[in-house]
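These notes are about the structure you will find just below.
Bear in mind that the values in this text are calculations on the coordinates, not laboratory data. All of these numbers come straight from a predicted model, not from anything done at the bench. Cβ: placed from backbone, ideal geometry, glycine included. Neighbour counts: every protein chain shown.
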Amino acid sequence: MKSSALLISVLIFILSSVLQASEYPRHYVFLVHGIAAGPSTFGQMSAALAREAVTLDPHTDWQFINFAYETGNHNKDVKIFSQELSEFIATKFKSAGGLKPDDKFSLVMHSQGGLIGFNFLINSFMNNAKFHPELQSHLDAFVTLGTPYWGAKIAIFANRMLPVLSYLRIPLSDKFGEEELRDMSLASDFGAEMRESMMNSAYQDVLEKIKLQARILAFSGVTERLNILAPFVTGKNRYEDDTAVPIPTSRLDFIYYSDSADKHNASVGIEEFSETNMINKENYIVVNTFHTSPFPQNAKFPGIAKVPDRCLNISYRDCDHPTYPMLVEHLFKLQREPAFVRALTSFAIDFKINTQGAVFERKKLLISFKSISTGLNIDKDVELYNNVGRWTDKGDYRLYHTGYIDPKKTSSTLGKVQVTISAPGFVERTLLIPVKTALSTFVEIDLEKK
């Protein structure tokens, strides 16, 4: 009799615990991988976070879910993937009984995954019905790891290699979608569109709403183990790149100038430039890591998103991974120690030049750079892809150019570059462009015919 009563008591306890747990608010964390990758990008992240959730927030139903999309499909791009992400999130909540007032979701994204997530946010907060605007108020954290907001050099290289790999029938060619690589390249049309959205006065209320709603945390990487190769990458004398994404293009915020409809001054001054402010300074963190590590289990070769096996069964406080402990503190709203601030030197200037439909030889479009600031250098002779230019299908000329500010010659992180642009039959333009280390400057101008 006593055993029966004990069994009934245990069953009642279990049942009440299950019922109580089902009433807890849900928090779904979606992990979004990058190009040519999959859920393995994050290593033990899901399992390690689930373990932490049990003690850090036992009264929330935390779930960690991988969004595996069709990277490598040559007909799909970031915009398509971001719509698929919104549908995936909405479906997950719908299949679990629908959204409840206290339900939340967060996004943790690596590389291209951050572009997919940010494009989803902009469209959702613009009330685009295809991107499930009902999700807006349920968004919590938005975390990017090595996202090439404004392009990656490796995407240009991969895009140029695709025909060769395909011809040689090397399977790697099926891992990278042509449209994906195009969106992620330096001076891409997708990047210009995203910048224009962030500059557009009509979008400012939307961006402010995203900034207030989303708890944004952005990680960028520098691979200090490769400093010996610094002459070939962005920066003065350090490897200011995570082997895929240069520091200036990994930062969402940027300086910008754009001609207005009725204003095309021959000369443009620094006072006419503005700067976006989406990410608080303390939430932009540069870590010593690889974009994708060849030896992710080795503490000396960490991948920016891949949580190693050794961190699975220990406290996040004891994990030596460069991003995971801070990710835990951010997701669970814990006190975070100030991150180590690295002295960076590199900057980038990104041009969109409208020639009113006129396309001519690149050598006839003359673009000259002149440093106006002490210690500022506009390029390095041996840096790979430091001067990337192309004509777009719309007839605009796009140019990405890098430089650095030498800390041995100045203590300032700000500089000025004078740029003169001329072409046959067009009025010459001169701009005094502000630059800042670890940041890009976007310049959108029209050339007027004489």
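Among residues other than residue 295 with Cβ under 12 Å from its Cβ, the summed charge is +3 (Lys and Arg +1, Asp and Glu -1). Among the chymotrypsin sites (Phe, Trp or Tyr not before Pro) in the stretch 290-389, those placed in a DSSP loop whose Cβ has at most 12 other Cβ atoms within 10 Å are 340. Take every pair of alpha-carbon atoms less than 8 Å apart whose residues are at least six positions apart; their mean separation over the length of the chain yields a relative contact order of 15 percent. A cut-off of 5 Å between modelled amide H atoms, ignoring neighbours fewer than 5 places along the same chain, links residue 254 with 276. For the stretch 320-385, GluC sites (Glu not before Pro) meeting the loop criterion (DSSP other than H, G, I, E, B) and having at most 10 other Cβ atoms within 10 Å: 361. Helices in the chain, meaning DSSP H runs of at least 4 residues, each add -39500 (n - 2.57). Divided by all residues, the mean residue ellipticity at 222 nm is -8000 deg cm²/dmol. Among the listed pairs 281/416; 104/281; 209/408; 416/449; 153/416; 130/281, those whose Cα-Cα separation exceeds 29 Å are 209/408; 130/281.
Look at where the Cα atoms of the stretch 34-93 and of the stretch 102-144 average out, and the two centres are 12 Å apart.
Each label was represented as a point 7 Å from its Cα along the Cα-to-Cβ direction; for residue 23 and residue 226 these points are 5.4 nm apart.
Phi-derived couplings, Karplus 6.51 cos²θ - 1.76 cosθ + 1.60 at θ = phi - 60°, listed residue by residue for the stretch 90-95: 4, 5, 4, 6, 4, 5 Hz, with x used for Gly and Pro. Each other residue within a Cβ distance under 9 Å of residue 221 adds +1 if Lys or Arg and -1 if Asp or Glu, for a net charge of -2. Net charge dipole, the stretch 346-446: roughly 160 debye, given to the nearest 20, about the Cα centre with Cβ charges of +1 for Lys and Arg and -1 for Asp and Glu. Of the residues 46, 34, 438, the one whose Cα sits farthest toward the positive end of the charge dipole of the chain, with +1 on the Cβ of Lys and Arg and -1 on the Cβ of Asp and Glu, is 438. Rounded to the nearest 20 debye, the dipole magnitude of the chain is 760 debye, with +1 charges on Lys and Arg beta carbons, -1 on Asp and Glu beta carbons, and the Cα centre as origin. Strictly over 29 Å apart at the Cα level, which of 76/306; 76/436; 333/436; 79/236; 211/409 would you flag in this model? Beyond 29 Å: 76/436; 333/436; 79/236; 211/409. Using only the Cα atoms of the stretch 208-247, build the gyration tensor, take square roots of its eigenvalues as a ≥ b ≥ c, and label the shape rounded, prolate or oblate: rounded if a/c is under 1.5, else prolate if a/b is larger than b/c, else oblate. Here the stretch 208-247 falls in the prolate category.
Dividing the alpha-carbon radius of gyration of the stretch 346-446 by the rule-of-thumb value 2.2 N^0.38 Å gives 1.11. The simple Förster model, with R0 at 22 Å and r as the Cβ-Cβ distance, assigns residue 300 and residue 406 a FRET efficiency of 0.15. Classified by the C-alpha gyration tensor, the chain has a prolate form. Its axis ratio a/c, with a ≥ b ≥ c, is 1.5 or above, and a/b is larger than b/c. A simple spin-label model places pseudo-atoms 7 Å from Cα toward Cβ; at residue 422 and residue 201 they are separated by 3.4 nm. Dipole of the chain computed with +1 at Lys/Arg Cβ and -1 at Asp/Glu Cβ about the Cα centre; of 122, 347, 288, farthest Cα towards the positive end is 288. If you take the Cα centroid of the stretch 339-372 and the Cα centroid of the stretch 386-450, the two points sit 3 Å apart.
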